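**Student:** The structure is given below, and queries will be raised subsequently.
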Amino acid sequence: MNETKAREAICAIGASIFNRGLTAGSSGNISVRVEGGWLMTPTNASLGRLDPARLAKLDDSGRLIAGDPPTKESFLHRVMYEERSDTGAVVHLHSTHSVAVSCLAEVDPADVLPPITAYYVMRVGGLPLVPYYRPGDIALAEAVRGFAGRHHAVLLANHGPVVAGANLDAAVNAIEELEETARLYLMLRGAKTRFLTPAQVKELL
Ligand SMILES: [Zn+2]
């Protein structure tokens, strides 16, 4: 994707995410790999009101070369690009149902959500829970790095999901699938549920 189109796509998808209540206030951030580095949403910017001309442009070493300073959570994005060479875009949201699930005491930290639907299994697959660290703690980046090689989607405890994709559409579709599955999981809690069987999951993977 060329840089002009990438800038427009980030702003259009940011507005769509914000307007559907998938992240609130100035939370959430998006990045896309472009020639010579990355475009990233700026710090303290609402995804609902992004300006294509003011997106942060970082060079390959992560230095700001144009636009507003990047999100303070840029390290979450950098780790995904560094550990997954096929990554073209990364999305991180504070989406309500995913955050709710990230706070539950009794989930499997190796794979937080059960295989409720085939699309979840295909778009997200396994979802590890990354332990809680305070905002800005660089240890969080290293904790995410530990999972990023094996997982394109991780859930930060008491915080929210980070999802990488081959391109922006893939990353957004996966994080939306994750949020919907978190919502379904909360709706089904306490009800006797038929999840996909291990054989059915294996067939999808
Ligand atoms: Zn965050």
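**Student:** How much length, in nm to one decimal, is gained on full extension between residue 49 and residue 193, taken as 0.36 nm per residue of separation minus their Cα-Cα distance?
**Tutor:** Length difference between fully extended and current span is 47.8 nm.
**Student:** Compare 192, 72, 57 in a GNM of the chain, Cα atoms joined below 10 Å, and give the one with the largest fluctuation.
**Tutor:** 192
**Student:** To continue, here is another question. Using the crude model of +1 on Lys and Arg Cβ and -1 on Asp and Glu Cβ, and no other charge, please compute the dipole size for the chain relative to its Cα centre, in debye to 20.
**Tutor:** For this selection, approximately 320 debye.
**Student:** What share of Cα pairs, in percent, lie more than 19 angstrom apart in segment 1-115?
**Tutor:** So the pairs more than 19 Å apart make up 48 percent of the total in segment 1-115.
**Student:** Could you pull the Rg and Dmax for the chain, using just the Cα atoms, both in Å?
**Tutor:** For the chain, the Cα-based Rg and Dmax read 16.5, 54 Å.
**Student:** Accessible area of residue 84, 1.4 Å probe, to the nearest 10 Å²?
**Tutor:** 40 Å²
**Student:** A follow-up question, please. Which of the listed residues, 103, 92, 9, is farthest toward the dipole's positive end in segment 1-119, when Lys, Arg count +1 and Asp, Glu count -1 at the beta-carbon?
**Tutor:** Highest projection toward the positive end goes to 9.
**Student:** Going by accessible area, probe 1.4 Å, with all protein chains left in place, what is the ranking of 156, 64, largest first?
**Tutor:** Ranked from most to least accessible, the order is 64, 156.
**Student:** Next question. When the chain is modelled as a GNM with alpha-carbon springs shorter than 10 Å, which of 162, 112, 91 fluctuates the most?
**Tutor:** The residue that fluctuates most here is 112.
**Student:** On the first, second and third principal axes, largest extent first, how far apart are the outermost C-alpha atoms of segment 114-192 in Å?
**Tutor:** 39, 31, 18
**Student:** Helix 3-19 against the longest principal axis of the chain: what's the angle in degrees, Cα atoms only, rounded to the nearest 10?
**Tutor:** Approximately 50 degrees, to the nearest ten.
**Student:** Please work out the average accessible area per residue across the chain, using the 1.4 Å probe convention, and give it in Å².
**Tutor:** 49 Å²
**Student:** Sort 102-110, 24-32, 178-186 by packing, meaning the average of other beta carbons within 10 Å per residue, with the highest value first.
**Tutor:** 24-32, 178-186, 102-110
**Student:** Considering only DSSP beta bridges where both residues belong to segment 53-165, give the percentage that are antiparallel (nearest 5).
**Tutor:** Antiparallel bridges make up about 85 percent of those DSSP assigns within segment 53-165.
**Student:** When the accessible area of segment 1-123 is computed with all protein chains present and a 1.4 Å probe, what percentage of it is carbon and sulfur?
**Tutor:** Carbon and sulfur atoms account for 51 percent of the accessible area of segment 1-123.
**Student:** Collect residues whose amide H, placed 1.01 Å from N in the peptide plane, falls under 5 Å from the amide H of residue 157; neighbours closer than 5 in sequence don't count.
**Tutor:** 130, 132
**Student:** Less than 13 Å Cβ to Cβ from residue 134, Lys/Arg counted +1 and Asp/Glu -1: what total charge do the surrounding residues give?
**Tutor:** Here the charged neighbours net out to -1.
The values are calculated or read from the model by the stated rules, or taken from the named source; none is laboratory data. Small disclaimer: the values here were computed from a predicted structure and weren't measured. Reconstructed Cβ throughout: ideal geometry from the backbone, glycine too, with neighbour counts over all protein chains shown. Only protein heavy atoms, including side chains, enter the accessible area calculation; ligands, DNA and RNA are left aside. Shrake-Rupley method; radii C 1.70, N 1.55, O 1.52, S 1.80 Å.
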